[in-house]
Amino acid sequence: MEKQEIIGKEFRCLDKGFVRLVDLMGNDSSIVQSARVSYGKGTKTISEDNSLIRYLMRHRHTSPFEMVEYKFHIRLPIFVARQWIRHRTANVNEYSGRYSIIPDEFYLPNPEIVRKQSKTNKQGRSDELIDATLANEFISDIKATQELLYEKYNNYLRQDIARELARINLPLSTYTEWYWKIDLHNLFHFLELRLHPTAQYEIREYAKIIANIVKQTCPMAYQAFEDYRLNAINFSAIELKILKEMLKADPLSPEQMVNFGLSKREIEEFITKIHKINNL
């Protein structure tokens, strides 16, 4: 998708939220131009650009990715925003309840995603479904509380109590909005954490939309991110020793590795890693 087609397009998220790409500076070419600071535009082929981006990602050379910046307009529940703001490497300007009237917009989860507490992940829900009656009761109680608190908020405003005080008892399910600007290197870090299966469902839904926007606007960089970070696995020193015992059989030849889609350079680096394990 062209930059002009995606900027300003609203992608709906959850029940009342959205993500809009407001502005974009740079693309895949910006990354390779930064890495090849001594070269001019057009001096390399697309395949060479792709190989360079993959090399940069593979070896954690992050500064060229900082040459690409995204600015988003996002509407999200406050409890999601409080998780999101932990990523402190971005510029944020949020809707102010001190200056403006807070809209009557609250998040209500679908019954299908109301789950029990996970027994293995202390900070998340499990995949175990709960009784539909209990799920609907939970949602009805949330909705009733939201309506009650918003009516009290409006009543305080009618009595001329300051907006900055009237707002303080509104629930975390209240929707807020912000402009969020971040470079691609730090955006990849955000996505690596927030696309993870253990991340909260609601923030994962926003991360999926943002990931799709990045995939369309910086396809080579996003593919490298998927291959070397998002879908990759790191091993500890002890795990590598275990792998050494598991690799006692003859490894594949370089010629056989080509069939997996690795470049010559990637094959050389992979073989170096295998030798490193064998030398532990």
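Taken together, the values in this text are just the output of simple stated rules run on the coordinates, not laboratory data. Keep in mind that what you see is a predicted model, and the values were worked out from it rather than measured. All Cβ positions, glycine included, derive from the backbone under ideal geometry; neighbour counts span all protein chains shown.
With a threshold of 23 Å on the Cα-Cα distance, the over-threshold entries among Lys215/Lys276; Lys3/Lys215; Lys9/Lys71; Lys16/Lys119; Lys143/Lys208 are Lys215/Lys276; Lys16/Lys119; Lys143/Lys208. Computed from Cα atoms, the angle from the helix 237-246 axis to the main principal axis of the chain rounds to 50 degrees. Put the Cα centre of segment 6-38 next to the Cα centre of segment 43-72 and the gap is 15 Å.
Each label point was placed 7 Å from the Cα along the Cα-to-Cβ direction; for Arg98 and Asp127 their separation is 4.6 nm. Cross-link partners for Lys264 among the aspartates and glutamates, with Cα-Cα distance under 17 Å and sequence neighbours closer than 8 places in the same chain left out: Glu48, Asp49, Asp227, Glu255. Taking the C-alpha atoms only, the angle from helix 184-194 to the longest principal axis of the chain is near 70 degrees.
Relative contact order, whole percent, for segment 111-172 stands at 23, derived from Cα pairs under 8 Å and 6 or more residues apart. What net charge is computed for the residues neighbouring Phe72, neighbours being all others with C-beta under 10 Å from the C-beta of Phe72, Lys and Arg scored +1, Asp and Glu -1? Local net charge: +2.
Spatial offset of segment 92-141 relative to segment 184-221 amounts to 21 Å, using the alpha carbon center of each. Between Pro197, Pro111, Pro64, the residue with the greatest mean-square fluctuation in the GNM of the chain (Cα pairs under 10 Å linked by springs) is Pro197. Summary value for the chain: 25 percent relative contact order, contacts being C-alpha pairs under 8 angstrom separated by 6+ residues. Relative contact order, whole percent, for segment 98-202 stands at 32, derived from Cα pairs under 8 Å and 6 or more residues apart.
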